[in-house]
Amino acid sequence: MMKLNEKNSASGKQNELRETLNALRNVSGSFNPDAEPVKKILLYKIASYRIHNPKIIFEYHQQLLFHLAYPHGKELLNIAQHELSRMAAEAQAGFYGTNKQVKLQLTNTGIANTEINVSFSFHFVKWLDTEFPDTVS
């Protein structure tokens, strides 16, 4: 019975986190004076969660990038910078953890501490080898 309650509690927290992310997304593009304190409250609330779900990490990462590009104020900029660093650490923990599915979901997201896998054309590789000898493998 305890396991079921723990699972329901975790599920409830995930739903609450998703609702908070949705609320943040809805208010992000608003720059009127009433929106700034709402954004702060939502960011501080999200900062209180441990986030391990790769989809949520990615979604939150995207929102944080928006807040870095278009900060509503210095405090929001600082919160976004701190949270972006925290998401990079969460992504790193998930990426280098034992769950291969999490690693796969974080690959090519562009989040710091994860990998990007790309294929280059023959001509581009040849140019790289010419311009940067002994660095292309």
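Counting only residues that are touching a residue at least 24 places away in the same chain (Cβ under 8 Å) and polar (S, T, N, Q), which one in the stretch 108-137 is nearest to E90 (Cα to Cα)?
N113
So the check is Cβ under 7 Å with 6+ separation or different chains; which pairs have a first residue in the stretch 89-107 that's of a type in the set (D, E) and a second one that's at pLDDT below 95?
E90/I51; E90/H52
For N22, all conditions in the list (1) loosely packed, with under 13 Cβ neighbours inside 10 Å; (2) under 27 Å from N108 (Cα atoms); (3) touching a residue at least 24 places away in the same chain (Cβ under 8 Å) hold save one; what is the number of the exception?
That leaves (3) as the condition not met.
Given the conditions (1) open to solvent by less than 20 Å² (accessible area, probe 1.4 Å); (2) outside any helix (DSSP H, G or I); (3) at pLDDT 95 or above, report the number of the one that F31 does not fulfil.
So F31 meets the others, but not (1).
Identify the single condition in (1) under 20 Å from N15 (Cα atoms); (2) of a type in the set (G, A, S); (3) crowded, with 20+ Cβ neighbours inside 10 Å that G94 does not satisfy, given that it satisfies every other one.
(1)
Checking V136 against (1) in a loop (DSSP other than H, G, I, E, B); (2) closer than 19 Å to A47 by Cα; (3) hydrophobic (A, V, I, L, M, F, W, C), which single condition isn't satisfied?
(2)
Looking at the stretch 53-82, which of its residues are of a type in the set (F, W, Y), more than 8 Å from the chain's Cα centre (by Cα) and either open to solvent by less than 50 Å² (accessible area, probe 1.4 Å) or closer than 29 Å to G97 by Cα (or both)?
F66
So that you can scan it fast, the table gives a plain yes or no per residue for (1) out of contact with any Pro (no Cβ under 9 Å at 6 or more places or on another chain); (2) over 20 Å from N22 (Cβ atoms); (3) of a type outside the set (V, I, T):
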{"residue": "I51", "(1), (2), (3)": "yes, no, no"}
{"residue": "H72", "(1), (2), (3)": "yes, no, yes"}
{"residue": "S85", "(1), (2), (3)": "yes, yes, yes"}
{"residue": "V102", "(1), (2), (3)": "no, yes, no"}
{"residue": "F120", "(1), (2), (3)": "yes, yes, yes"}
{"residue": "P133", "(1), (2), (3)": "yes, yes, yes"}
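The values are calculated or read from the model by the stated rules, or taken from the named source; none is laboratory data. If you're wondering where the values come from, they're calculated on a predicted model, not measured in any experiment. Note: ideal-geometry Cβ built from the backbone for every residue, glycine included; neighbour counts use all protein chains shown. Accessible surface is based on the protein model in full, side chains and every heavy atom, while ligands, DNA and RNA are left aside. Shrake-Rupley method; radii C 1.70, N 1.55, O 1.52, S 1.80 Å.
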